[in-house]
Structure formats: structure tokens, C-alpha cells
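The block underneath contains the structure these notes are about, expressed in C-alpha cells.
The values are calculated or read from the model by the stated rules, or taken from the named source; none is laboratory data. Keep in mind that what you see is a predicted model, and the values were worked out from it rather than measured. Note: areas computed on protein heavy atoms with side chains; ligands, DNA, RNA excluded. Shrake-Rupley method; radii C 1.70, N 1.55, O 1.52, S 1.80 Å.
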Amino acid sequence: QVQLVESGGGLVQPGGSLRLSCAASGSISSFIVMGWYRQAPGKQRELVASITSGSRTNYVDSVKGRFTISRDNAKNTVNLQMISLQPEDTAVYYCHVQTWGGSIHWGRGTQVTVSS
């Protein structure tokens, strides 16, 4: 069973930065895609960023130029560097992976709050 543990969330002022990290059990080379989703109160969960095993990245338009996703195969982590954070980025952020076998796994989430 794949286990994903997110860290790095917190409270930050508008314009600030945070770095989220997701530690996966086992080798992330078994994952065809890894990504971050977020869900704000009263809204649907949305894909924020994803990265494939070949390091191909994809971002939702609202975070392009501000967020950067990366994966560290040696540490079995996927990271999300977020800069120029805005109140509309406030949400619970979830780590998500899909294995080559097609199974999908989620972390429990980490809260990001952008407020002055």
C-alpha cells in the first residue's frame, strides 16, 4: 500500500512563499505521475500541478509562473515550491500519485492559508 505524507503547509502573508513536500513510501520510480491538488472551502478539488516519470510538468493557469513542481527520486519526494502566494491560494493541498499499474493514491492533505 502506498503511503503519502505531506508537509510544509502553514500560514503566510500575501506575497509570501511556502514549499510543500510529499514523502512517498517505496520508490517513486513506480509512479507514472505525481501531483498536487487543492480544495478550498465550498469548491471542488482541482489539479494544481503534476509531473510525470519523464519530468514533464503541467500547471493550472492560475499558478503558472508562481508554482514549481519537482520530484526527487533519491528522496522519494515530490515538492511544490510556491511563491507570490495570494489569498485565493488558500486551500488544503493534497499529494496524489498514480502507479504504472493504474492505482491512485492520496495523502491526507496539508493546510495552506494566505492571509494578512
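Numbers below:
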quantity: For the chain, fraction of C-alpha pairs farther apart than 21 Å, in %; calculated: 31
quantity: Within the accessible area of the chain (1.4 Å probe), percent carbon and sulfur; calculated: 48
quantity: Centre separation in Å (Cα based) which lies between the range 75-101 and the range 1-48; calculated: 3
quantity: Extension gain, Ser116 back to Ser7 (0.36 nm per residue minus Cα-Cα distance, nm); calculated: 37.1 nm
quantity: Per residue, in Å², the accessible surface of the range 1-114 once ligands and nucleic acids are set aside, probe 1.4 Å; calculated: 52
quantity: Accessible area (Å², 1.4 Å probe, nearest 10) - Lys64; calculated: 120
quantity: Heavy-atom accessible area ranking, 1.4 Å probe, most first, across Asp61, Asp89; calculated: Asp61, Asp89
